[in-house]
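J.: Let me begin by handing over the structure; questions about it come next.
Here, each number is a calculation from the coordinates, and none is a lab measurement. Keep in mind that what you see is a predicted model, and the values were worked out from it rather than measured. Here the Cβ positions follow ideal geometry from the backbone for every residue, glycine too, while neighbour counts run over all protein chains shown.
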Amino acid sequence: MIRLPGKQANTTLYIHNGYSYHRDPRGAGLIFRCAIRGTSDCSATIYVQTLQNLEHQEIYVSGEHNHGPDPLLLLRKRFDTALKARARERATVDEPKDVYDHVAALPE
């Protein structure tokens with residue numbers, strides 16, 4: 001599972017097998033629910049044993065997604081994160097197209 005910054009400040013988005021998740025704040029925070037459950041009524045949930053080293057631990061899946069995975073989700077989210085960071089760094093120097101072109105040329 002991969003951890004990325006969320007859309008809003010102080011939020012985190014978790015990616016696993018082409019699906020995105022938000023951490024459930026109830027309990028110990030070891031439960032993650034499908035990020036689009038509000039719009040698609042998806043009941044898929046994943047569980048982990050610890051929040052440390054998420055990339056290399058066993059993930060337990062509960063329920064089925066009622067929608068397909070997005071194979072480009074991780075690539076898009078990383079691009080968005082890099083684009084926003086570059087725009088913040090160079091906001092007074094670069095034109096928006098220059099920022100986009102720079103981030104688009106970065107290796108995956």
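J.: Please list, in order along segment 40-47, the HN-Hα scalar couplings obtained from phi with the Karplus expression 6.51 cos²θ - 1.76 cosθ + 1.60 (θ = phi - 60°), rounded to whole Hz, x for Gly and Pro.
T.: 10, 6, 7, 9, 5, 9, 10, 10
J.: Enumerate the amide H contacts of Gly6 below 5 Å, restricted to partners 5 or more residues apart or on another chain; note that Pro and chain-start residues carry no placed amide H.
T.: Thr11, Thr12, Leu13
J.: Still on this structure: Could you point to the label whose value was computed as log10 I(q)/I(0) by the Debye sum over Cα atoms at q = 0.11, 0.16, 0.22, 0.23 Å⁻¹ for the structure here, given [x] -0.43, -0.79, -1.18, -1.25; [y] -0.50, -0.90, -1.20, -1.24; [z] -0.57, -0.79, -1.13, -1.21?
T.: From the options [x] -0.43, -0.79, -1.18, -1.25; [y] -0.50, -0.90, -1.20, -1.24; [z] -0.57, -0.79, -1.13, -1.21, the structure gives [x].
J.: Residue-wise, which Karplus ³J(HN,Hα) couplings in Hz belong to segment 52-59, taking 6.51 cos²θ - 1.76 cosθ + 1.60, θ = phi - 60°, and x for glycine or proline?
T.: 7, 6, 4, 5, 10, 10, 6, 10
J.: Of Gln57, Gly29, Leu72, which is farthest towards the positive pole of the chain's charge dipole, taken about the Cα centre with +1 and -1 on the beta-carbons of Lys, Arg and Asp, Glu respectively?
T.: Value computed over the given set: Gly29.
J.: List the lysines whose alpha-carbon lies under 21 Å from that of Lys7, not counting same-chain residues fewer than 8 positions away?
T.: Within reach: Lys77, Lys84.
J.: Let me ask something additional. Short version: ³J(HN,Hα) in whole Hz for each residue of segment 73-88, in order, from phi by Karplus 6.51 cos²θ - 1.76 cosθ + 1.60 (θ = phi - 60°), x for Gly and Pro, what are they?
T.: So the J values, rounded to whole Hz, are 4, 4, 4, 5, 5, 5, 4, 4, 5, 5, 5, 5, 5, 5, 5, 5.
J.: Same structure again: Add -39500 (n - 2.57) for each DSSP H run of 4 or more in the chain, then divide by its residues: what number comes out at 222 nm, to the nearest 500 deg cm²/dmol?
T.: Taken over the chain, the calculation gives -8000 deg cm²/dmol.
J.: Could you pull out every residue, at least 5 positions away or on a different chain, whose amide H is within less than 5 Å of the one on Ser20? Hs are placed 1.01 Å off N in the peptide plane, and Pro or chain starts have none.
T.: Ala35
J.: Determine, at each q value in 0.19, 0.30, 0.31 (inverse angstroms), the log₁₀ of I(q)/I(0) that the Debye formula gives when each Cα of segment 6-62 is one equal point scatterer.
T.: The Debye formula, applied to the Cα set alone, gives -0.67, -1.48, -1.51.
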